[in-house]
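> Questions regarding the structure given below will be posed in turn.
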Amino acid sequence: MDSLIKQLSKYITHLIPCRCLICEQNSARLICTACQAALHKKDSIAIKNSCVQCGEKLQTNLYHSSIRPKVCGRCISQPPAFDQTFFAYVYQSPIADLILRFKYKEQLMLSQLLAEKIALKLLSMPKSSRPTLLIPIPLHPQRLKERGFNQALELAKHIGKRANIPVYKRHLVRVKQTKTQKQSKRRARALNMKGAFTLVQTFDLESQHIAIIDDVITTGSTMSEAAKTLRKAQPEQITLLAIAKRH
């Protein structure tokens, strides 16, 4: 049955070809093979030279040792509430444009496309190292009403389905309607996010490996505050997962 569906899909695509969202050439996929390869090559070096704990760009090629992972000075001097960060892309065009279309123009079909690389990353890990549950960053009820959907939850649903990891969407609640942070600096963002979340259920988070999911990490203030809140439940490990990270 699956092979028949694939054959029909190819036949339909041949009759009604779609266009790559990046180069706008005819393509059987939302992003053509050539653009996918270019994206991977463009971001792989930047991601490789990022702090494994917070994802920040390393200023120098510290810790070349294959034994010791690369960790930035901030994480060494002020260890965050989370243990590691994975992101699929650097926040720059064309990925930034796709995220904006997904988030603000209600193009929900992009959620699967954007989340796929994170899902594949988790599937490539040994089962013992994978998160045991996914928690999307919640929106404040008023913001959710305005937007109509939570972009982090849409991403988490696809990642969870592909990697066979349950999504917990009711444990972490946003109780503070924070100001827009687009132009804010790191300290202002951290103060803005302080006390933004609360836990409504904790007993089934203890000793778990939690992955917090959001679309973009800028300074990390939002996910850091979420991690601090989730630490109260005494999980074994907290990982941050994002589609893109600003460098």
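> Which whole-angstrom value gives the distance between the alpha carbon centres of the range 128-143 and the range 198-247?
The range 128-143 and the range 198-247 have Cα centres spaced 7 Å from each other.
> Hey, what angle do you get for helix 151-163 against the long axis of the chain, alpha-carbon based, 0 to 90 degrees rounded to 10?
70 degrees
> Quick one: of the DSSP bridges fully inside the chain, what percent are antiparallel, nearest 5? Display every interim value, and only then the final one.
Numbers: 6 of 25 bridges.
Approximately 25 percent, going by the DSSP bridge assignments.
> Taking the Cα atoms of the range 119-247, report the difference between the largest and smallest coordinate on each principal axis, in whole Å and largest first.
39, 30, 28
> Right, here's the next one. Give the accessible area for Ile217 in Å² (nearest 10); use a 1.4 Å probe, count only protein heavy atoms, and leave out ligands, DNA and RNA.
My reading of the accessible area for Ile217 is about 10 Å².
> Please give me, ordered by residue number, the chymotrypsin sites (Phe, Trp or Tyr not before Pro) of the range 146-247 that lie in loop per DSSP and have at most 16 other Cβ atoms within 10 Å.
Phe149, Phe203
> Here is a further query. Taking a cut-off of 18 Å, what percent of all Cα-Cα pairs in the range 200-247 are separated by more than that? Display every interim value, and only then the final one.
Working: 339 of 1128 pairs.
Value for the range 200-247 (Cα pairs over 18 Å): 30 percent.
> I need the semi-axes of the equivalent ellipsoid of the chain: take the C-alpha gyration tensor, multiply each eigenvalue by 5, square-root it, list largest first in whole angstrom.
They are 30, 22, 19 Å, listed from largest to smallest.
> Then there's this: Of Ser111, Ser93, which has the most accessible area and how do the rest follow, probe 1.4 Å?
Largest accessible area first, the list is Ser93, Ser111.
> For the range 130-228, compute the number of Lys pairs whose alpha carbons are separated by less than 19 Å, excluding pairs fewer than 8 positions apart on the same chain.
12
> A further question follows. With θ set to phi - 60°, apply the Karplus curve 6.51 cos²θ - 1.76 cosθ + 1.60 along the range 92-105 and write out the HN-Hα couplings as whole Hz, x wherever there is a Gly or Pro.
So the Karplus estimates, Gly and Pro as x, are 7, 5, x, 4, 4, 5, 5, 5, 5, 5, 5, 7, 10, 10 Hz.
> Hey, what angle do you get for helix 221-231 against the long axis of the chain, alpha-carbon based, 0 to 90 degrees rounded to 10?
Roughly 60 degrees between the two axes.
> Which Rg and Dmax, in Å, describe the Cα atoms of the range 66-116?
Both quantities, over Cα of the range 66-116: 15.8, 44 Å.
> Kindly state, as a whole number, the per residue volume in cubic angstrom of the convex hull around the alpha carbon atoms of the range 27-127.
Convex hull of Cα atoms, per residue: 149 Å³.
> If you rank Glu206, Glu225, Glu106 by how much accessible surface each has, with a 1.4 Å probe, what is the order from largest down?
Values: Glu206 105, Glu225 30, Glu106 125 Å².
Correct descending sequence by accessible area is Glu106, Glu206, Glu225.
> When the Kirkwood radius is taken over all Cα pairs of the range 85-192, what Stokes-Einstein diffusion coefficient follows at 25 °C and 0.890 mPa s, in µm²/s?
Details: Rh = 15.4 Å.
Rounded to a whole number, D works out at 160 µm²/s.
The values are calculated or read from the model by the stated rules, or taken from the named source; none is laboratory data. Treat the numbers as computed from the prediction; the structure is a model and nothing was measured. A quick note on method: Cβ atoms are made from the backbone with ideal geometry, for glycine too, and the neighbour counts reach across all protein chains shown. The area values use the complete protein model at the heavy-atom level, side chains included, leaving out ligands, DNA and RNA. Shrake-Rupley method; radii C 1.70, N 1.55, O 1.52, S 1.80 Å.
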